[in-house]
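A short worksheet on the structure shown next.
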Amino acid sequence: MANNIVELVTDVIAPVIQAPYELVDVEYGKMGGDYVLSIFVDKEGGISLNDTADLSEIISPLLDGIQPDPFPEQYMLEVTSPGLERPLKTAEAVEKAVGQYINVKLYQAIDKVKVFEGTLCSFDGDNLLMEYMDKTRKKQVTIPYQTVAKARMAVKI
C-alpha cells in the first residue's frame, strides 16, 4: 500500500515541481507513532527553509485533492532536502554524479563485494566505472547498472 501511495503522490506532484527545483524522492511510512509523507526536493546550491515552505503550500492542496483519499490515516507532510547522502534513483541522477564520491549497494556481488564506496569515474547508461580503495590500494571496478540495488551520494571521511 505504501508503494501505491508513493507512486500516486509522485504522479500528482512531479508536474508542479519545476526548475530550479528537482523532485528527488518521495517516501511514506511510520515514524514513531505518526505517518509521515516525506518529499525530498533539491536545487542547485541547496534548498532553503523558505523554499520548503513555498513548496509545501503548492503540494498540500494537491494532496488534499486526490480522490479517493489514498491515505489510511492522518499524516504529516514533510518537504525537505535530500541532504548530503542524497539517493541516486535514476540513471539520469547517476549520470549527474560522475566525478562525485558515491555509495553503491548491489543485488549481486562482484568479487565477493556487495557494497562499493568511491569516486564514480564514468557512466555510459549500462555500466558504472568506480575507483575505490581496497585497504591501501586504489582499484577500479565496472558495475553493470542493472545490478545496482541502491546508489546514493556519500560523504568522504
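Between Leu129 and Ala19, the simple label model (points 7 Å from Cα in the Cβ direction) yields a spacing of 3.0 nm. A Förster radius of 30 Å combined with the Cβ-Cβ distance from Glu44 to Lys112 puts the calculated FRET efficiency at roughly 0.15.
Exposed loop sites are taken as trypsin sites (Lys or Arg not before Pro) in a DSSP loop (any state but H, G, I, E or B) with at most 10 other beta carbon atoms within 10 Å; the longest stretch of the chain without one runs 1-111. Farthest towards the positive end of the charge dipole of the chain, among the residues Thr90, Leu106, Tyr35, is the Cα of Leu106, using unit charges on the Cβ of Lys, Arg, Asp and Glu.
Dipole magnitude for the chain: computed about the Cα centre from +1 point charges on Lys and Arg Cβ and -1 point charges on Asp and Glu Cβ, it is near 1160 debye. Of the residues Leu84, Leu77, the one with the fewest other Cβ atoms within 10 Å heads the list, and the complete ranking is Leu84, Leu77. The length gained by stretching the chain between Val98 and Thr147 to full extension, at 0.36 nm per residue less their Cα-Cα distance, is 15.8 nm. Tilt of helix 2-13 relative to the longest C-alpha principal axis of the chain, in degrees (0 to 90, nearest 10)? Around 80 degrees separate the two axes.
Along the axis of the charge dipole computed for the chain (Cβ charges of +1 for Lys and Arg, -1 for Asp and Glu, origin at the Cα centre), the listed residues Val16, Val148, Ile58 are led at the positive end by Val148.
Cross-linked pairs Lys30/Lys135; Lys43/Lys112; Lys30/Lys150; Lys43/Lys135: Cα-Cα separations exceed 32 Å for Lys30/Lys135; Lys43/Lys112; Lys43/Lys135. Rounded to the nearest 20 debye, the dipole magnitude of segment 7-89 is 120 debye, with +1 charges on Lys and Arg beta carbons, -1 on Asp and Glu beta carbons, and the Cα centre as origin.
Angle, helix 49-64 long axis vs. longest principal axis of the chain, Cα atoms, 0 to 90°, nearest 10? Computed tilt is about 60 degrees. Placing +1 on the Cβ of every Lys and Arg and -1 on the Cβ of every Asp and Glu, with nothing else charged, gives segment 91-153 a dipole about its Cα centre of roughly 380 debye.
When the helices in the chain are scored as -39500 (n - 2.57) per DSSP H run of 4 or longer and the sum is shared across all residues, what 222 nm value do you end up with, to the nearest 500 deg cm²/dmol?
Details: 3 runs with 34 residues, N = 157.
The helix contribution divided over the chain gives -6500 deg cm²/dmol.
Cross-link reach is defined here as a Cα-Cα straight distance under 16 Å, omitting same-chain residues fewer than 8 places apart; for Lys114 the aspartates and glutamates meeting it are Glu131, Asp134.
The numbers here are math on the coordinates, done by the rules we state, and not lab data. Being a predicted model, the structure only gives us computed values, none of them experimental. Note that each Cβ is placed from the backbone with ideal geometry, even for glycine, and that neighbours are counted across all protein chains shown.
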